[in-house]
1. Evaluated at 20 °C with a viscosity of 1.002 mPa s, what Stokes-Einstein diffusion coefficient in µm²/s does region 103-187 have when Rh comes from the Kirkwood expression over alpha-carbon pairs?
2. Which ³J(HN,Hα) values in Hz, rounded to whole numbers, follow from the phi angles of region 50-63 under the Karplus curve 6.51 cos²θ - 1.76 cosθ + 1.60, where θ = phi - 60° and Gly and Pro get x?
3. Say R0 is 30 Å: what FRET efficiency, to the nearest 0.05, do Q39 and Y10 get from their beta-carbon distance?
4. Strictly greater than 25 Å: what percent of every Cα pair in the chain meets that?
5. Please list 3J(HN,Hα) in residue order for region 31-46, calculated via the Karplus relation 6.51 cos²θ - 1.76 cosθ + 1.60 where θ = phi - 60°; whole Hz, with x for glycine and proline.
6. What share of all Cα pairs of region 1-70, in percent, falls into each consecutive 10 Å distance bin?
7. Name the residue, out of I79, I134, I174, whose mean-square fluctuation peaks in a Gaussian network model built on the chain with Cα pairs under 10 Å.
8. Which whole-angstrom value gives the distance between the alpha carbon centres of region 113-166 and region 1-68?
Amino acid sequence: MHLLELISQYLKIDEHIEHFFREETETKTYSKGEILTHQNSYSQKVFFMEKGLARVFYYENGKDITTNFYPEGRVFGNIDTIFTQKPTQYNIETLEESTITFCNYEKLNQLCEVSLPAANFSRYLLGNLMTQLITRLASLQHTTARERYAQLLSENPDIILRAPLGMVASYLGISQETLSRIRGKEI
């Protein structure tokens, strides 16, 4: 399993972790455009992108606003509902045919109670997620559109080729016309 191989790079796989991945996770292939979770619903799933691309988005004043992209190797979910037990504000959608491994957060939490390596890895993942959120917030508050575009190209250059430009523009907090002008100046 690809996810287990990835995790084994960070922690020693004990019997609890092995059992968890064998019994408590599921891997499924989703078609392009499938909604994994819906705004105003509850989802306790934690997803790992094996192959493909997904995005998180919400609707505001009739507009579709992309907040993040998740390519291969990324962990994601509706953190707002997992930790607050309130309906999520976000939708998660596949942008390509995607193979995703997922599990229930509560089951993952139970694993962390019996496996110190799993608990340590969970803290590592949460730290990464918090760092990503802080970096994203700082980017939106303190950088120009051109700088955000350059950052996207340096961190995830293939997103420009894989996601529709309207979604990329929304993610960057700019109009599609502004994105086109920025891209035109890079040639």
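1. On the way: Rh = 15.2 Å.
Answer from the Stokes-Einstein relation: 141 µm²/s.
2. For region 50-63, the Karplus-derived couplings read 6, 8, x, 8, 10, 9, 10, 8, 9, 9, 9, 6, x, 9 Hz, x marking Gly and Pro.
3. On the way: r = 32 Å, r/R0 = 1.08.
Here the calculated transfer efficiency is 0.40.
4. Working: 6761 of 17391 pairs.
That tail contains 39 percent of the Cα-Cα pairs.
5. Whole-Hz 3J(HN,Hα) from phi for region 31-46: 6, 4, x, 6, 8, 7, 9, 10, 3, 6, 10, 10, 9, 9, 7, 10.
6. Binned Cα distances yield the sequence 14, 41, 29, 14, 3.
7. The residue with the greatest mean-square fluctuation here is I134.
8. Result: 15 Å between the Cα centres.
Bear in mind these aren't lab numbers, they're just calculated from the coordinates by the rules spelled out. Please read all numbers here as calculations on a predicted model, not as lab measurements. Neighbour counts run over all protein chains shown; Cβ positions are idealised from the backbone, glycine included.
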